[in-house]
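The values are calculated or read from the model by the stated rules, or taken from the named source; none is laboratory data. This structure is a prediction, so every number in the text was calculated from the model and none was measured. Cβ coordinates were reconstructed from backbone atoms using ideal geometry, including for glycine residues, and neighbour counts include every protein chain displayed.
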Amino acid sequence: MNAGLQRAIRGNSIPEPNSGCWLWEGGMTRDGYGLLSGARASIVSFTAFGGVIPSGLVLDHLCRVRCCVNPDHLEPVTVKVNTNRGLRTKLSDVQVAAIRELYSTRHFTQFSLARLFSVDQSLISLITSEKHR
Ligand SMILES: [Zn+2]
């Protein structure tokens, strides 16, 4: 815990009442991540509020809002999981449901579904092995 950093995070972000996101108002990277003194604001926030990022893991935004710095919306995951979650947002709910339905018929392999939906097979594997999005 770090009270000074916590204040800096709260002071530079606006709570969004519906999503619970803390929207960063300070500097941003070109790809839309918050910056605090040259560091990723999300990482600073997560650790300032007591979070630990195990070595080798990256912080994933569960809310998929890149400029969000709410530590409750951040989770350390492997790069592979983070990439798959990001890719999954390219598919609509309907497409995800269709992939699960088609896979359950056993007429399609993960590989053929990947070709059909123009996504990586690892993403199909993730979708078909998960109970919910
Ligand atoms: Zn958020």
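Report, by residue number, each residue of region 8-30 that is loosely packed, with under 13 Cβ neighbours inside 10 Å and of a type in the set (A, V, I, L, M, F, W, C).
Result: I14, single match.
Check region 86-94 and report whether any residue there is assigned to a strand (DSSP E or B), out of contact with any helix residue (DSSP H, G or I) (no Cβ under 7 Å at 6 or more places or on another chain) and of a type in the set (A, V, I, L, M, F, W, C). Steps first, answer last, please.
So the first thing to find is which residues in region 86-94 are assigned to a strand (DSSP E or B), and the list is none.
The answer is no; no qualifying residue exists.
Out of all the residues in region 96-130, which are farther than 15 Å from N84 by Cβ and either in a helix (DSSP H, G or I) or within 18 Å of the chain's Cα centre (by Cα) (or both)?
A97, A98, R100, E101, L102, Y103, S104, F111, S112, R115, L116 - these are the residues of region 96-130 that are farther than 15 Å from N84 by Cβ and either in a helix (DSSP H, G or I) or within 18 Å of the chain's Cα centre (by Cα) (or both).
Right, P17: over 13 Å from the mean Cα position of the chain (by Cα) and without any contact (Cβ under 8 Å) to a residue 12 or more places away in the chain or not? Let's see the steps before the verdict.
Details: over 13 Å from the mean Cα position of the chain (by Cα): yes; without any contact (Cβ under 8 Å) to a residue 12 or more places away in the chain: yes.
It is true that P17 is over 13 Å from the mean Cα position of the chain (by Cα) and without any contact (Cβ under 8 Å) to a residue 12 or more places away in the chain.
Does region 45-54 contain any residue that is within 12 Å of the ligand (Cβ to nearest atom), assigned by TED's automatic domain parsing to the domain that holds G20 and either out of contact with any helix residue (DSSP H, G or I) (no Cβ under 7 Å at 6 or more places or on another chain) or part of a loop (DSSP other than H, G, I, E, B) (or both)?
Scanning region 45-54 turns up no residue that is within 12 Å of the ligand (Cβ to nearest atom), assigned by TED's automatic domain parsing to the domain that holds G20 and either out of contact with any helix residue (DSSP H, G or I) (no Cβ under 7 Å at 6 or more places or on another chain) or part of a loop (DSSP other than H, G, I, E, B) (or both).
Here is a yes/no grid of residues against (1) modelled with pLDDT of 95 or more; (2) closer than 18 Å to S129 by Cβ; (3) touching a Lys or Arg at 6+ places or on another chain (Cβ under 7 Å):
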residue	(1), (2), (3)
P15	yes, no, no
S19	no, no, no
G38	no, no, no
C63	no, no, no
F117	no, yes, no
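Can you find a residue in region 10-28 that is out of contact with any strand residue (DSSP E or B) (no Cβ under 9 Å at 6 or more places or on another chain) and in a helix (DSSP H, G or I)?
For region 10-28, residues out of contact with any strand residue (DSSP E or B) (no Cβ under 9 Å at 6 or more places or on another chain) and in a helix (DSSP H, G or I): present.
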